[in-house]
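Notes to accompany the following structure.
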Amino acid sequence: MLTQVTTVRYVTPLREGGSLPGVVEATDADGAHATYVMKFTGAGQGRKTLVAEVICGELARRLGLRMPRLVQILLDPVIGLGEPDQQVQELLKSSGGLNLGMDFLSGALGFDPLACEIDPVEAGRVVWFDALINNVDRSWRNPNLLLWQGELWLIDHGASLIWHHNWRTVETATGRAYDASDHVLAPYGPDVASAAAELAPLVTEELLTGIAAQVPDAWLVDEPGFEGPDDVRRAHVAALLPRAETIHERIALGEPRPKGATK
Ligand SMILES: Nc1ncnc2c1ncn2[C@@H]1O[C@H](COP(=O)(O)OP(=O)(O)OP(=O)(O)O)[C@@H](O)[C@H]1O
Ligand SMILES: [Mg+2]
């Protein structure tokens, strides 16, 4: 299970994020304070966004990609009562109980393709990973990459795993190619072949089962067509496992283009 922490203070909204994530202070079981980015169950994007965040975020970390640590974060909606901003107050009021948190990377900068050098091996690992999870949210317009202490960190995987929005077509969806022509790292000459050789063998049934177990039951219950949360977890494992073996053959990088340019 992800570590559980309890919100003690809402600090500020992160207005660049469409789901209005917030920076909060929270305490762990030992009473230690830390700052987290909180993604709310009451946000319009719904709980599947949080499921994708957990599965993809944990997968990234276990493949050795840098991704802030995820936690379960409890919220007492009373914390929202004193919020002057109506939108924030509504979000806090509708998100009582369990939410998703991640370590706040203080002082992190948004990734700027014109100012950063990324080597083809690292670019290849990120593009291969995004292809596996079908991440459509790593474009030049919205890179969802942070530079922190001189290194590249991945965030925001809520729009991945498109197949879990329509399980009836899961096989067709997971069999599809990945169009990386608009990927922010496409211009860095990503070496997807060596990334696949390195990373695909790590994506085992055991690894994926352990990752799916991290998703709280509350975000998986009452999924139509499934017997319960474990059944949904198995479907996630079954979707990703075969895709890991072959997706490198179906990554379209498009025409070479300058860094920071759209296609
Ligand atoms: N762990 C973190 N540490 C520091 N800053 C963060 C962190 N996570 C997110 N941010 C900042 O908050 C912004 C919004 O976060 P994120 O992209 O995860 O939200 P979102 O609502 O899912 O966004 P989107 O509109 O892209 O779907 C990021 O662009 C980044 O500037
Ligand atoms: Mg984002």
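Laboratory data are not the source of any read-out in this text; all were calculated from the coordinates shown. In this text the structure is predicted, and so the values were computed from the model without any measurement. Please note: Cβ atoms are built from the backbone with ideal geometry, for glycine as well, and neighbour counts cover all protein chains shown.
What to note about this one:
- For the chain, the relative contact order comes to 20 percent (Cα pairs under 8 Å, sequence separation of at least 6).
- The equivalent ellipsoid of the range 151-251 has semi-axes of 26, 15, 14 Å, largest first, where each one is the square root of 5 times an eigenvalue of the Cα gyration tensor.
- Each DSSP beta bridge with both residues in the chain is either parallel or antiparallel, and the antiparallel ones are about 85%.
- Going from the residue with the fewest nearby Cβ atoms within 10 Å to the one with the most, Cys56, Cys116 rank Cys116, Cys56.
- Ordered by the number of other Cβ atoms lying within 10 Å of each residue's own Cβ, fewest first, Met102, Met1 fall into the sequence Met1, Met102.
- Taking Arg250, Arg66, Arg233 and counting other C-beta atoms within 10 Å, the order from fewest to most: Arg250, Arg66, Arg233
- Distance from the range 69-98 to the range 190-263 (C-alpha centre basis), Å: 30 Å
- Kirkwood Rh, Cα atoms: Rg over Rh of the range 1-84: 0.96
- Cα gyration tensor, the chain - rounded (a/c under 1.5), prolate or oblate: oblate
- Here the alpha carbons of the range 8-139 define both size measures, Rg and Dmax, at 16.1, 49 Å.
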